[in-house]
1. Quick one: LEU248 ticks every box in (1) buried (at least 21 other Cβ atoms within 10 Å of the Cβ); (2) out of contact with any Cys (no Cβ under 7 Å at 6 or more places or on another chain) bar one, so which box is it?
2. Please state which of the following conditions PRO274 fails to meet, knowing it meets all the rest: (1) touching a strand residue (DSSP E or B) at 6+ places or on another chain (Cβ under 7 Å); (2) modelled with pLDDT under 95; (3) more than 27 Å from GLN88 (Cβ to Cβ); (4) not charged (D, E, K, R).
3. Considering (1) in contact with a helix residue (DSSP H, G or I) (Cβ under 7 Å, 6 or more places away or on another chain); (2) open to solvent by 10 Å² or more (accessible area, probe 1.4 Å); (3) at pLDDT below 95, say which one HIS230 fails and leave the rest.
4. Identify the residue in the range 40-97 that is open to solvent by less than 70 Å² (accessible area, probe 1.4 Å) and among the β-branched types (Val, Ile, Thr) and, among all such residues, is farthest from the chain's Cα centre (by Cα).
5. If a residue must be farther than 23 Å from GLU81 by Cα and not charged (D, E, K, R), how many such residues does the range 12-70 contain?
6. Determine, yes or no, whether GLY241 is modelled with pLDDT under 95 and under 29 Å from SER98 (Cβ atoms).
7. Please go through the range 23-42 and pick out each residue that is outside any strand (DSSP E or B) and either under 16 Å from PHE239 (Cα atoms) or hydroxyl-bearing (Ser, Thr, Tyr) (or both).
Amino acid sequence: MDKICVSDTDGFGVEVILNEEDSAAAPCCVHGPALLFVKVCVGGQQGRRFYACSACRDRKDCSFFQWQDEKVSKARLLAREEENKAKQPPFTHEEFRSRFLQVVSLPLAQRRFCQTCQLLLLPADWAAHSAHSILLDVSAAQLRRPSQLLRPLDNKKTNAQYLFTDRSGHFLLDLFAALGFQKVLCLGTPRLHELIKIRNSEGSGRVMKSLLLDIDYRYSQFYGEEEFGHYNMFNHHFFNGKAAEKRLEDFLHEEGGEKVVMVTDPPFGGLVRPLAHSFSKICSQWRSLQSPETQGAELPMVWIFPYFFEPRILECFASFSMLDYQVDYDNHPLYKHGGRGRKQSPVRLFTNLRPSNVVLPPEEGYRFCSLCQRYVSSGNQHCPQCDACTSKDGREWKHCFLCNKCVKPTWLHCSGCGHCALEDHPCGRRGSGCFSCGSTDHKRRACPVSSGAVRHRPRTRAARAGDGRRRSGAVLHTVQKQERALRRLTQKSKKMMKKKTKSS
């Protein structure tokens with residue numbers, strides 16, 4: 001049994017339990033089979049186990065919850081099935097594809113896209129969508145770039161769609177072409193899949209095959225079943241069943257020596273280890289299709305994720321290394337290439353490709369370190385004490401001889417904590433436990449000091465807004481009180497002046 005810690009604390013929190021028996025018996029929500037969780041208390045004591053949505057970490061996004069030992073009534077099971085059916089896509093993949101072909105055959109003046117429903121419209125649909133926001137005259141070029149036509153999903157924990165800039169997308173494609181890959185498995189990378197198809201249609205370079213697996217069913221409108229699969233990477237669930245799984249198997253089969261590489265760009269708020277569990281299944285499926293002499297080989301992978309997840313990713317895939325290349329996105333305000341410190345993109349490439357084979361563009365400031373045998377950013381200087389290029393965020397890090405490692409340039413060694421940290425850090429406070437009293441026996445929500453006998457509850461947005469209104473009201477009341485006092489003082493001064501004038 002593989003246990004995966006969800007909490008970022010040590011000793012207590014919530015863990016997800018992944019094994020085949022529990023997966024087979026798991027109930028389903030609209031996102032497929034749920035994951036089994038267990039609460040772990042101090043000392044390793046486990047609480048009651050429960051099932052929750054695999055894709056959504058916030059109950060507001062998916063309210064599914066069920067105790068593992070709970071007996072669910074037939075009426076509740078039927079209600080759950082009806083709810084799941086009601087939240088399914090409005091058309092099957094085959095119906096979506098048929099509608100797309102009909103839209104393409106229409107004259108330009110009749111091609112319409114409903115921006116409210118995110119749906120390509122046929123003339124018979126116009127009346128039902130007359131009150132919606134409609135995009136007219138949808139061109140063939142727009143249909144070839146659905147990632148620009150569709151509104152990006154923005155839930156950071158579930159299905160956030162931060163779309164590669166053309167700079168990052170073309171860099172990856174040039175890299176794969178240089179390394180001889182003819183097939184690209186795109187997990188949650190619709191922009192990359194799109195660029196591959198555009199390159200193929202332009203006839204620039206060798207033709208690449210691509211298969212997009214994504215939880216966003218809207219891409220079913222633009223790609224056939226041989227190019228797109230509705231897929232949840234958090235539980236390795238194919239919404240279209242065995243047929244979609246068979247298409248993945250056919251794609252992973254390297255017929256005629258066609259090399260496959262897998263690229264994935266998961267939501268940054270997603271749980272790392274359930275993702276790794278799904279990716280490992282794909283790797284095992286690829287390995288089972290190899291010849292006996294290559295059974296020990298690994299599926300070439302590129303996992304795109306922020307650099308501060310490096311320890312968690314390397315814990316799951318020990319053969320991976322993090323590269324310095326900064327991935328940037330069109331629709332993210334901060335994740336941009338070329339900035340400094342927090343203004344630059346923290347997103348990197350984690351891969352099992354040999355680092356020396358991944359040539360980073362020198363025109364962007366990357367250079368080859370002959371000691372590390374990999375390309376690094378211009379600010380990443382080789383440390384002789386660490387014998388490595390140690391920078392993670394693009395800045396030049398400094399070596400601390402007390403910590404015996406390189407640290408960020410803004411950190412100083414704290415004698416109280418015994419390690420380097422920001423100068424104004426809360427000295428002596430542990431990184432886990434209660435942020436109110438410092439105890440490691442509980443979290444802030446259950447702190448008896450800050451909330452007495454009442455369980456602490458996070459304040460809602462409405463409550464915080466109410467606090468703001470009350471504070472604003474208090475300030476306004478004070479100002480009005482001061483104005484009234486000033487008016488009374490002015491009136492009193494005027495009366496005194498009149499008395500003096502009369503007496504004189």
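1. All conditions pass for LEU248, except number (1).
2. The single condition PRO274 does not satisfy is (3).
3. (3)
4. VAL72
5. Residues flagged as farther than 23 Å from GLU81 by Cα and not charged (D, E, K, R) within the range 12-70 amount to 16.
6. Numbers: modelled with pLDDT under 95: yes; under 29 Å from SER98 (Cβ atoms): yes.
Yes.
7. So the first thing to find is which residues in the range 23-42 are outside any strand (DSSP E or B), and the list is 23-27, 30-31, 34, 41-42.
Passing the criteria: SER23, ALA24, ALA26, PRO27, VAL30, HIS31, ALA34.
For every residue, the table says whether it meets (1) more than 29 Å from LEU314 (Cα to Cα); (2) of a type in the set (Ser, Thr, Tyr).
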position	(1), (2)
LEU192	no, no
LYS197	yes, no
SER220	yes, yes
HIS230	no, no
ARG247	yes, no
MET262	no, no
ARG273	no, no
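The values are calculated or read from the model by the stated rules, or taken from the named source; none is laboratory data. Model, not experiment: these values are computed from the prediction. We place every Cβ from the backbone using ideal geometry, glycine too, and count neighbours over all the protein chains shown. Keep in mind that these areas ignore ligands, DNA and RNA; they rest on the heavy atoms of the full protein, side chains included. Shrake-Rupley method; radii C 1.70, N 1.55, O 1.52, S 1.80 Å.
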